[in-house]
Amino acid sequence: MPRPSQTLRLESTEGFARVPESGHKETLPDACPEGISARERQTRRRESIPAPIREEVVLLAKRLTELFGSVFSSRQRLKHAVGRLLVSQLPPRSRSPGRPGLVAVSRAIRLREKLRRTRPEMTDKEIWREEIYWRVIPQYATLAAIERREAEDELRRRVCWRLSARRRRQRRKPRVEPKRPASEVRITLTPNSQ
């Protein structure tokens, strides 16, 4: 990082690439003329937000302030966390943190849930033996009995781990109920029973 006393010297006029004396490059956009201030450069780089999106975001912010204004006042960094959450929910979404799940396990879970809904007369053992193993484990028919048993156990164990991890995560999530606006609150007066 250059010290304030260091000056930037112009390396090339194309693309306005500037090199401070420390050797780090700072590239300015081609459209920026040479004699503009840093503040003007910043405002030119920002992307403008379309009016309908801006209106929706402002409405959302007003609604959040109405419902949780006291929480935001007491925890000042909360608004930054809410902003990060909003960014994470907009497309394009990045994948969830951690290693991606095994495709065979995900497929087995989906198939198991589907078969439980569509064929409730089948027991869990029948669902696994007659449907899931054959569809999910590659080359299941050609495996030897010992290899089959090992592949079945491994798949069932991984499905169990994934489902229990899902339940654990759901239990950890705190339930925050939004404060109801004053327009929705009903006050009923009852006569005193004395």
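Laboratory data are not the source of any read-out in this text; all were calculated from the coordinates shown. Computed from a prediction, not measured in an experiment: that's the story for all the values here. Glycine gets a Cβ as well: all are built from the backbone with ideal geometry, and neighbour counts include every protein chain shown.
For this structure, a couple of remarks:
- Annotation: peptides 145-157, 76-88, ranked by per-residue average of other Cβ atoms within 10 Å with the highest first, follow the order 145-157, 76-88.
- Taken along its three principal axes, the alpha carbon spread of segment 53-96 comes to 33, 23, 12 Å, from the longest extent down to the shortest.
- 13 Å beta-carbon shell around R158, net charge (K/R +1, D/E -1): +3
- Computed over neighbours whose Cβ is under 10 Å from that of E131, the net charge equals +3, Lys and Arg +1, Asp and Glu -1.
- Cβ-Cβ FRET estimate between K173 and S74, R0 fixed at 30 Å, reported to 0.05: 0.90
- Packing order of peptides 118-130, 47-59, highest average first: 118-130, 47-59 (average count of other Cβ atoms within 10 Å over each peptide's residues).
- Computed over neighbours whose Cβ is under 14 Å from that of E56, the net charge equals +2, Lys and Arg +1, Asp and Glu -1.
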